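The values are calculated or read from the model by the stated rules, or taken from the named source; none is laboratory data. Since this is a predicted model, take the numbers as computed values, not measurements. Here the Cβ is made from the backbone with ideal geometry for all residues, glycine too, and neighbour counts use every protein chain on show. These area figures cover heavy atoms from the full protein model, side chains too; ligands, DNA and RNA do not enter into them. Shrake-Rupley method; radii C 1.70, N 1.55, O 1.52, S 1.80 Å.
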Amino acid sequence: MRRVRMSFVAVALAVFAVTAAYGQSVTTIDANPLTINIGSDGSFQIFNAAVPGVGQVFPTSAGLADMGLFAHIDGVLHAPNFAAHPGGTATGNLGSYTPWQELSLSSVRGAGTQESPFTVTVALAAPGTDVRVTMNVTYVRGANFFRVRHNFFSTTNTHHEIDATFGADIFLAASDAGVFVSVPELAAVGGRNCPGTEGNYNILLIPITTASRFTASFFSDVWTQIKANALNNTAVSGDCVDNGAAIQWQNLMSGTATNVEVANAVSFGAVPSAANFHPFSISVDPSFVTISPGESTVLNVTSTRNPEFDFNAPVRFSAGTLPPGMTLSFAPAELPAPGAGTVKATLTIDNATIFPGFYENLVILGAGGNEVRSAVFAVNVLCTPPTILGVSQPQSQSVASGTRARLRVKAEGGGAFTYQWFNGFTGMDRSPIAGATSTEFETPPVTGGPQSFWVRVSNACGSVDSNTAFVTPQ
């Protein structure tokens with residue numbers, strides 16, 4: 001039992017005068033693995049089939065719990081009416097606040113698929129202002145996360161100072177304690193079950209719209225930070241404690257804006273892929289290639305739209321920072337709206353400036369709308385000096401006097417080769433033959449005594465000299 005859980009009684013008394021006007025209704029998305037209770041006051045409770053019978057937000061047995069949307073509007077804190085929740089609350093450190101006015105709560109719409117997710121809409125008002133909030137909660141059957149879009153708008157097109165926060169008192173699996181955690185690839189914060197417990201269970205608050213600030217801390221400290229509108233940008237893993245988390249978007253109505261939307265997700269269990277929380281994703285195939293200097297290869301770069309987002313914009317491709325001697329060119333460089341499809345990226349390795357080696361975490365970027373997504377690939381630049389096998393050496397031969405001979409060489413090894421034929425014996429490179437720079441060489445007419453020729457084959461990693469070939473006139 002938490003030491004401060006009984007504080008909810010005092011909170012209820014403190015705001016009892018306003019609770020009569022806010023009797024919460026609940027709409028439930030009853031799916032698998034998540035069952036999501038959505039309150040008409042902007043609060044939530046979640047049950048996970050992987051942890052049967054235990055709510056994932058404190059109070060765990062309550063139909064609505066200590067998770068939801070907060071906003072400082074012109075300096076006044078608005079929040080779900082936790083004190084009116086029948087299951088109680090432990091949000092005492094919020095102090096006094098103004099509960100959201102509950103305007104409407106929809107039933108569940110949609111089929112629970114990617115194309116038609118389960119959707120519930122909550123309409124809220126900030127008392128004493130013209131600010132309204134529309135929350136759209138979406139869930140796809142089988143996922144371990146749900147999404148929430150929060151649209152803030154002024155009914156009179158008036159500018160307001162708004163900082164919005166989504167926070168929760170998380171209950172990790174079947175335990176009220178965990179360690180603080182941040183997941184950089186998602187910019188997410190939350191909690192993870194204590195070391196030594198079975199599995200790796202996370203509850204994460206994931207900003208789909210880039211957040212300004214965050215915190216993962218002792219649950220009561222999270223409420224204190226929200227009250228002060230001062231999230232501390234800290235999520236330090238340490239002792240196993242009773243924890244909570246919050247993410248915040250500041251200055252929503254910056255400039256002259258009077259209608260702004262932000263979005264987040266909440267996940268339970270394994271850490272989900274970042275691709276789930278963006279309107280499109282970029283992939284590259286193959287993601288690993290072996291290539292030699294002087295060669296080129298083609299990569300397929302694909303932009304895939306997330307059907308849960310109304311994305312309809314061109315996507316333009318570019319390369320991140322590449323090592324010297326490596327280039328990427330795209331055909332086409334841009335996919336037209338709605339930004340879905342595949343382009344060809346030609347990877348070229350310079351024959352002179354690249355160093356052989358393994359290059360990883362190379363980046364291809366796709367930019368569309370206000371989003372920039374990326375895909376990574378790796379290149380193994382394989383470079384070995386050329387060799388000439390015995391049967392591939394230029395062959396000595398006899399020809400009729402005054403006629404020409406044709407000499408050939410075949411080199412083995414990595415990369416593009418260059419060739420230079422010489423008069424004389426192998427290694428005597430003072431007599432290069434002008435224009436004799438391919439695998440085959442036709443001699444001048446041969447008269448008199450035998451004449452000698454050889455070829456030097458080179459690539460970015462070295463060179464090899466052939467045997468001497470003698471051409472004898474008959």
Value of Rg to Rh for segment 122-280 (Rh from inverse mean 1/r over Cα pairs, i.e. Kirkwood): 0.99
The chain, dipole about Cα centre (Lys/Arg Cβ +1, Asp/Glu Cβ -1), debye to the nearest 20: 780
Sites S96 and A174, calculated FRET efficiency, Cβ-Cβ separation with R0 41 Å, nearest 0.05: 0.75
Segment 305-347 - percent of accessible surface contributed by carbon and sulfur, probe 1.4 Å: 54
For segment 63-176, accessible area per residue (1.4 Å probe, heavy atoms of protein chains only), Å²: 31
Accessible area of segment 246-313 divided out per residue, in Å², using a probe of 1.4 angstrom: 39
Q114-A274 pseudo-label distance in nm [points 7 Å out on the Cα-to-Cβ vector]: 1.9
Selection from A257, T418, G294 lying farthest towards where the dipole of the chain points positive, charges on Cβ: T418
Over the chain: helical MRE at 222 nm, DSSP H runs n ≥ 4 each giving -39500 (n - 2.57), nearest 500: -1000 deg cm²/dmol
Segment 225-277 and segment 399-474: distance between their alpha carbon centers, rounded to Å: 71
Additional length obtainable on full extension of the chain from N380 to L103, 0.36 nm per residue less Cα span: 93.7 nm
Carbon + sulfur, % of accessible area of segment 99-170 - ligands and nucleic acids excluded, 1.4 Å: 50
Separation between Cα centres of segment 83-162 and segment 358-393, rounded to whole Å: 47
Stokes-Einstein D for segment 321-432, Kirkwood Rh over Cα pairs, 25 °C, 0.890 mPa s (µm²/s): 130
Matching label, Cα extents along the principal axes in Å computed from the structure shown, candidates (i) 120, 52, 38; (ii) 164, 58, 38; (iii) 76, 57, 38: (i)
Segment 164-294 - share of DSSP beta bridges that are antiparallel (%, nearest 5): 95
N361-R408 FRET efficiency (beta carbon distance; Förster radius 41 Å; 0.05 resolution): 0.40
Computed lengthening from D310 to A257, 0.36 nm per intervening residue step minus Cα-Cα distance: 17.0 nm
Degrees, to the nearest 10: 219-228 long Cα axis against longest axis of the chain: 80
Cysteines in the chain lacking a second Cys C-beta under 4.7 Å: none
